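The values are calculated or read from the model by the stated rules, or taken from the named source; none is laboratory data. Only a predicted model underlies this, so the values are computations on that prediction, with no experimental measurement involved. When we count neighbours, we look across all protein chains shown, and the Cβ atoms used for this are built from the backbone with ideal geometry, even at glycine.
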Amino acid sequence: MMTESEWDNITEGKMRRVICFDLWGTLVMSLVQRTYEDYLADYWPRELIQKTVRDLLMTDAWIRSPLRQHDGQGILRPDHLRTAAMLLTRLRSIQSPEKTVFLNDHNWNVFDRTTTEFAELLLETVRLWKRENELVKWIPMAREVVEALKAADEKLVLVTNTTDFGIGEVDRVLRLREIFPHTWASCAYPFAKPDRRVWRFIMEHSPDADQYWMIGNDPITDIAVPAAMGWKTILVNHPEGVPISEVPRIIKESK
């Protein structure tokens, strides 16, 4: 994670643009056929899974609150297993799973961790989640685009909603920090995209930039809010967007 001084130096140099990229779906993709979200969608509504992951695991909520409230263990820096247990416990506290009820007769607010059904659900979630992060690759032309912008001395920032272990695993596989010396990862902050505080934070730590750009593949999570704040935006890898290969040309031609 970046220190305050590193953020303050983000716009040093002759270029005064700050160009932010989303990660998943914009720059990288997973080769898995079935994700942990697909699997859990058999038990809970997909929207609930996405919101719970974003609010609990993709912010610093798991650091600020005692983890025993989530998984009964209280261990910081959870791995895939601990994180999956936190997610399942939180989902169950919100809504009973649709397929079956993995509950303890004496405590109707927590999973019964002694059941075979719970163990199978947990371990399969972990297996799929790990593979999703491990089998990651660059989207065609994405690496070439960011390397070209970096070679042109543009200031690049990776802005991603991510779990703590997720960004670490993707960085290990793809060596993201070699390209992005500046990374805003939601798991270190009390908010995540599309909260406007994400882009306000970047602006506050790079006040001398002439232009701020946001490139992403999700019109709501990545594009709508910064566009409303006056940022220049590019929607990529989307039916209503442009190929990511067009990004350097669009930035160059922008006034």
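Could you grab the pairs with beta carbons closer than 6 Å, sequence gap of 6+ or different chains, first residue in segment 43-63 and part of a helix (DSSP H, G or I), second one of a type in the set (A, V, I, L, M) and at pLDDT 85 or above?
Within 6 Å, the pairs are 49/40; 52/91; 54/192.
Restricting attention to helices (runs of 4 or more DSSP H) lying wholly within segment 158-228, give those where 1 or more residues are in contact with a Ser or Thr (Cβ under 9 Å, 6 or more places away or on another chain) and surrounded by fewer than 20 Cβ atoms within 10 Å (Cβ to Cβ).
164-174, 225-228
Specify which of the listed residues (93, 30, 65) is at pLDDT 90 or above and among the hydroxyl-bearing types (Ser, Thr, Tyr).
None of the others qualify; the one that does is 30.
Residue by residue through segment 131-166, note down the ones that are in contact (Cβ under 8 Å) with a residue 40 or more places away in the chain and within 15 Å of the chain's Cα centre (by Cα).
Within segment 131-166, 132, 133, 136, 157, 158, 159, 160, 161, 162, 163, 164, 165 meet the criteria.
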